[in-house]
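These notes are about the structure you will find just below.
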Amino acid sequence: MKFNPRYCSHFPVLVKVLSVTKGTVLEVGMGPFSTPIMHWLCFDQGRKLISLDSNEEFIQLNRRFASEKHEIHLIKNWDDFDFNRKWDVVFVDNERKMRASVIKKIANNTNYVIIHDSEEYDYYHIDEIFPLFKYRYDYTKAVPNTTVLSNKKDLLWLKKND
């Protein structure tokens, strides 16, 4: 597994959003950077984190974080997971072909959707989901970019920090 510092370009946004929210967090697509930081931030706040991935390698890498407050699930078919619940924050960094499909499922039941690699419209097909949201913030200070979407929360507070 290759490690590249660019893989954590979502940290500034992720930390900001997790610091102002309190509810359940869903990680769609685990990694060597996102899973540990989300685990420790949620652990410190005493909140529930559910991490999903279809890649056994990422499951094995992060299985040490599994606990009563941090569920880790290997996903064989993204359509089999029940996304139909209320999420405070959903971080999306899963495989290319399923990213837009997952985002569509959580568009109206999530306060904050954070998408890593969001400038890769053609590769991830996420440009088709942007119109589904009322609010959008693009963090472009680092590449890959990170986008926050919401239908419930105005994202003006994120723009003020730019």
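Tabulated data for the structure shown
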item: Cβ-Cβ under 8 Å pairs, at least 6 apart or on other chains, segment 136-162 side in contact (Cβ under 8 Å) with a residue 12 or more places away in the chain and closer than 19 Å to ALA107 by Cα, far side acidic (Asp, Glu) and not in a loop (DSSP other than H, G, I, E, B); result: THR146/ASP138; THR147/ASP138
item: Residue selected from segment 111-129 under the condition outside any loop (DSSP other than H, G, I, E, B) and surrounded by 15 or more Cβ atoms within 10 Å (Cβ to Cβ), by the criterion modelled with the lowest pLDDT; result: TYR124
item: Selection within segment 130-149 - surrounded by fewer than 21 Cβ atoms within 10 Å (Cβ to Cβ) and under 26 Å from ASP80 (Cα atoms); result: PHE130, PRO131, LEU132, PHE133
item: Residue that is nearest to SER19 (Cα to Cα) [pool: residues in segment 29-75 that are of a type in the set (Phe, Trp, Tyr) and more than 16 Å from the chain's Cα centre (by Cα)]; result: PHE43
item: Residue in segment 105-117 that is touching a residue at least 12 places away in the same chain (Cβ under 8 Å), in contact with a helix residue (DSSP H, G or I) (Cβ under 8 Å, 6 or more places away or on another chain), among the hydroxyl-bearing types (Ser, Thr, Tyr) and more than 18 Å from LEU49 (Cα to Cα) present; result: no
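The values are calculated or read from the model by the stated rules, or taken from the named source; none is laboratory data. This structure is a prediction, so every number in the text was calculated from the model and none was measured. Ideal geometry is used to build each Cβ from the backbone, glycine not excepted, and the neighbour counts take in all protein chains shown.
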